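Visitor: Take this structure, written in structure tokens, and hold onto it; I'll ask about it next.
The values are calculated or read from the model by the stated rules, or taken from the named source; none is laboratory data. What you are looking at is a predicted structure, and each value in this text was computed from that prediction instead of being measured. All Cβ positions, even for glycine, are placed from backbone atoms using ideal geometry, and neighbour counts span all protein chains on display. In case anyone asks, the SASA skips ligands and DNA or RNA and just uses the protein heavy atoms, side chains included. Shrake-Rupley method; radii C 1.70, N 1.55, O 1.52, S 1.80 Å.
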Number of protein chains: 2
Amino acid sequence: MKNTYFTPGPAELYPTFTKHLQTAMDEQIGSISHRSQRFRDIYRYTDEQLRELLSIPASHGIYFTGSASEVWERILLNCVEHESFHAVNGSFSRKFFDYAQSLHKFAHMAEKPFGEGFDAADLEVPEYAELVALTHNETSSGVQLRPTEIHKLKRKYSRKLFCVDMVSSAPYPDLDFSLVDSAFFSVQKAFGMPAGLGVWIANDRCLEQAERLQQYESMTIGAHHTLPVLHKHYKTWETPATPNVLYIYLLGKIAADFNKIGVGTIRRQTEDKARQIYRFLETNSAYTPFVAEERHRSQTVIVAQTNARPAAEVIAAVKTAGMIVGSGYGTFKDSQIRIANFPATTADQVGALLSKLNE
Amino acid sequence: MKNTYFTPGPAELYPTFTKHLQTAMDEQIGSISHRSQRFRDIYRYTDEQLRELLSIPASHGIYFTGSASEVWERILLNCVEHESFHAVNGSFSRKFFDYAQSLHKFAHMAEKPFGEGFDAADLEVPEYAELVALTHNETSSGVQLRPTEIHKLKRKYSRKLFCVDMVSSAPYPDLDFSLVDSAFFSVQKAFGMPAGLGVWIANDRCLEQAERLQQYESMTIGAHHTLPVLHKHYKTWETPATPNVLYIYLLGKIAADFNKIGVGTIRRQTEDKARQIYRFLETNSAYTPFVAEERHRSQTVIVAQTNARPAAEVIAAVKTAGMIVGSGYGTFKDSQIRIANFPATTADQVGALLSKLNE
């Protein structure tokens, strides 16, 4: 008997995953050369499906890395000469800031207490910041930064590069890529795949910045997965090093499944299920939604305080019914649970979880 | 009807791969948390199996990256303050050197013409080089650098860090890890897995160097997958970011299969099959082994000149019999083929390939 994973990543595999994996094995995708036409066709297909799903314009390339965390480093190396600005409202946006410091960038930060979120009006971007690093969905605290606020902020600071971490929410946020210069995600969240592939979307302004920085004798933009080298190979649907060919194939197939349903439907289903969960948390005295402000509540990673019992007991209780929810992040391990609301789990499955949580 | 891949990576999947993948799917390895005991058990198991297979002592940690190419960058960032030395005898050892230059290290190089190999006596390591970068097996040219020569060189320059690229040969080379400070490989070669995971072996001296460099205000060792952070998490069988959990599981299972056969047997079978292939190439006038010196001939990636026909015709001919061999690297595409000799292909399959090549 298999469990249903409501964990915020790695997460429940998307229902079509096994079928696509079987096809990939039958077609020996794990053995094909990354310099073959077969691979170039796979890359182009996955690119087309993601482009349709997320409305990515021709100005942006789609590149693959080992993980989304790797992209934090790549974008800082490639797009920041001196200064970056980070809106920190949880552990992952904080890690992005930490990466900037490790790379000896002059990193600015605006910070909110854990569980609170930003609006555009909260944020004053320092004059010399070249990159504005925003996290659409904080996997740790269950806080979202709404796309409308992201777009508003970009309009105010239009000359700066805007980069959006959509790791645990893509394809949910309806980002306007005429305003968002770069975004990235990993596949083990809402795409319902095993971990091991990062997706980096970056536009020509990011590329120009990387090319400009590379001219400077005094600085390096790194050696592996630099944007100019990724882009050079991308133009012929290749990658600089051997990529995770199998996962690129599978990602294309799942993105195609999403497109068949329609991203509008997927987004509406996500919101419907989130409403169902938050309503339960608000009306059941054993739980409280951790994020107080409704507009800052994540639609894909929902964090609840467990008032009646320690979180570990709640987690153990639902596990007896074959359902796995995530524990609270870091020091919130004892008092919170995290419930992923990704396309892989249906409204019925969410209903079953809430029934069990209600016991 | 499936093809048999004799390509030098991605390559033929190891025969047990499908079975292990099925078990992983049944056990929902793609969904488990990388912060769970289940994952820690998997990491420890894979570590134990690799340790047994390659005789890795307790002084060395085993870390995971997105690819072996990523390790080129990591080891240069973490272990080289100023100068590195590279023995270049093909395109991949050259890329390792290029990475050092991109990272603004002062990179020294000794170079051999394509198809020729090094002995220890050929190499004079510059006084201030901190890291000696050697490539055990050049996937591009089919040249090997024998472990005895690697060990001899290290004894001569014992204070320098020695790093060995064993991407397309592990577990074949019998490296003495009391002499080799660091080594790395990827799983899509001799381990018979799909691409998407790099394995980095590094000892306490590498770690100490990284920690020392990190003290210097004026330099960065990177942000993602730094050795100190990898090691800190490794101590509790975790990883800093979400790793490719599924592939780490599969690698452990295949390493265990290798251990059941015994690494001595696998190495002997590799040499037997290599002898079979080289003997064929030497006695058939349509082919010539590209590497003239017998002691420099790779046992795992065998490069042949095609004398009678363009390489593309040879490749097309064997493909009609369901066998895929690699094309020559870069400019040698038209005149060479590359035959991988990994554990996934049996002596009988090699025999069938040679029969077809003989037509």
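Visitor: Quick one: Karplus J couplings for the stretch A:314-321, per residue in order, coefficients 6.51, -1.76, 1.60, θ = phi - 60°, nearest Hz, x for Gly and Pro?
Guide: Result, ordered by residue: 4, 4, 5, 5, 5, 5, 4, 9 Hz.
Visitor: Kindly identify the stretch B:18-58 as rounded, prolate or oblate by the Cα gyration tensor criterion: order the square roots of the eigenvalues as a ≥ b ≥ c, call it rounded if a/c is under 1.5, otherwise compare a/b with b/c, prolate if a/b is larger, else oblate.
Guide: In terms of gyration-tensor shape, oblate.
Visitor: Shifting gears a bit: To confirm my reading of the symmetry, which residue of chain A has the Cβ nearest the axis that brings A onto B, and what whole-Å distance does it have?
Guide: Reported as residue, whole Å: A:Gly66, 1.
Visitor: Now for a different question. Does anything in the stretch B:328-359 have its amide N under 12 Å from the 7 Å Cα→Cβ label point of B:Asn284, and if so which residues?
Guide: Residues passing the 12 Å test: B:337, B:339, B:350-359.
Visitor: Determine the shielding of peptide B:66-74 by partner chains: average, over its residues, the number of Cβ atoms on other chains within 10 angstrom of each Cβ.
Guide: Shielding by partners across B:66-74 averages 6.
Visitor: Additional query: Among the trypsin sites (Lys or Arg not before Pro) in the stretch B:208-290, which ones are in a DSSP loop with at most 11 other Cβ atoms within 10 Å of the Cβ? Mind listing them?
Guide: Within the stretch B:208-290, the qualifying trypsin sites (Lys or Arg not before Pro) (loop, at most 11 other Cβ atoms within 10 Å) are B:Lys235.
Visitor: If a/c stays under 1.5 just call it rounded; otherwise compare a/b with b/c (prolate if a/b is bigger, oblate if not). Do that for the stretch B:291-359, with a ≥ b ≥ c from the square roots of the Cα gyration tensor eigenvalues.
Guide: oblate
Visitor: Give the longest segment of chain A that steers clear of chymotrypsin sites (Phe, Trp or Tyr not before Pro) in DSSP loops with at most 15 neighbouring Cβ atoms within 10 Å, not counting the sites themselves.
Guide: Longest stretch, sites excluded: A:217-359.
Visitor: Let me ask you something else. For the stretch B:190-303, report the % of Cα-Cα distances exceeding 23 Å.
Guide: Looking at the stretch B:190-303, the distances longer than 23 Å represent 56 percent of pairs.
Visitor: Hey, what number do you get for chain A at 222 nm if only DSSP H runs of n ≥ 4 count, each worth -39500 (n - 2.57), divided across all residues, to the nearest 500?
Guide: The helix-only estimate for chain A comes to -12500 deg cm²/dmol at 222 nm.
Visitor: Keeping all protein chains in the complex and leaving out DNA, RNA and ligands, what accessible area do you get for A:Asp272 with a 1.4 Å probe, in Å² to the nearest 10?
Guide: 80 Å²
Visitor: Here is a further query. Taking the convex hull of the alpha carbon atoms in the protein assembly as shown, what volume per residue do you get, in Å³?
Guide: Considering the Cα atoms of the protein assembly as shown, their hull volume per residue is 144 Å³.
Visitor: Here's another thing I want to ask about it. Of the GluC sites (Glu not before Pro) in the stretch A:67-143, which ones lie in a loop per DSSP and count no more than 13 other C-beta atoms within 10 Å?
Guide: Sites meeting the loop and neighbour criteria: A:Glu124, A:Glu127.
Visitor: Return one whole number: the accessible area per residue of the protein assembly as shown in Å², for a 1.4 Å probe.
Guide: Counting only protein heavy atoms, the per-residue value for the protein assembly as shown is 36 Å².
Visitor: Give me a single rounded figure for A:188-194: the average over its residues of other chain Cβ atoms within 10 Å of their Cβ.
Guide: So the per-residue partner count for this stretch is 4.
Visitor: Can you tell me how the stretch A:88-215 classifies by the Cα gyration tensor, rounded, prolate or oblate, using a/c under 1.5 as the rounded cut?
Guide: Cα axes put the stretch A:88-215 in the rounded bin.
Visitor: Moving on to the next point. Place the label 7 angstrom along Cα→C-beta at B:Ser91 and in each other copy, then list the distances from the first to the rest in nm, shortest first.
Guide: For B:Ser91, the other copies' label points sit at 4.3 nm, shortest first.
Visitor: When the chain is fully extended, how far beyond the present Cα-Cα distance does B:Asn259 get from B:Thr18, taking 0.36 nm per residue of separation?
Guide: Result: 84.9 nm gained on full extension.
Visitor: Something else: Chains A and B: how much accessible area gets covered up at their contact, both sides added, probe 1.4 Å, in Å² to the nearest hundred?
Guide: Chains A and B together bury roughly 3700 Å² of accessible area.
Visitor: For chain A, what mean projected area does the convex hull of the alpha carbons give, in nm²?
Guide: 17.4 nm²
Visitor: Right, here's the next one. Do any residues of the stretch A:1-31 show a loss of at least 30 square angstrom of accessible area between the isolated chain and the full protein assembly, using a 1.4 Å probe, and if so which?
Guide: SASA drop of 30 Å² or more in the stretch A:1-31: A:Lys2, A:Tyr5, A:Pro10, A:Leu13, A:Leu21, A:Met25, A:Gln28, A:Gly30, A:Ser31.
Visitor: To make sure I understand the rule: partners must be aspartates and glutamates, Cα under 16 Å from the Cα of A:Lys273, and not fewer than 8 residues away in the same chain. Which ones qualify?
Guide: Partners found: A:Glu12, A:Glu282, A:Glu294, A:Asp348.
Visitor: Starting from the Cα-Cα distance between A:Glu27 and A:Lys333, subtract it from 0.36 nm times their residue separation and give me the gain in nm to one decimal.
Guide: Residue separation times 0.36 nm, minus the Cα-Cα distance, leaves 105.8 nm.
Visitor: A further question on this structure: For B:Glu282, which inter-copy label distances result when the label point lies 7 Å beyond Cα on the Cα-to-Cβ vector, reported in nm to one decimal and in ascending order?
Guide: 8.1
Visitor: At 7 angstrom along the Cα-to-beta-carbon line, where would the label on A:Thr23 sit relative to the other copies? Give the distances in nm, shortest first.
Guide: Relative to the other copies, A:Thr23 has label-point distances of 2.9 nm.
Visitor: Give me a single rounded figure for A:237-244: the average over its residues of other chain Cβ atoms within 10 Å of their Cβ.
Guide: Per residue, the average neighbour count from other chains is 5.
Visitor: Ok, one more. Between their Cα atoms, which of B:Lys2/B:Lys95; A:Lys319/B:Lys235; A:Lys2/B:Lys253; A:Lys112/A:Lys154; B:Lys19/B:Lys189 are more than 26 Å away from each other?
Guide: B:Lys2/B:Lys95; A:Lys319/B:Lys235
Visitor: How much of the accessible area of the protein assembly as shown, in percent, comes from carbon and sulfur atoms when a 1.4 Å probe is used?
Guide: Heavy-atom surface of the protein assembly as shown belonging to carbon and sulfur, 1.4 Å probe: 49 percent.
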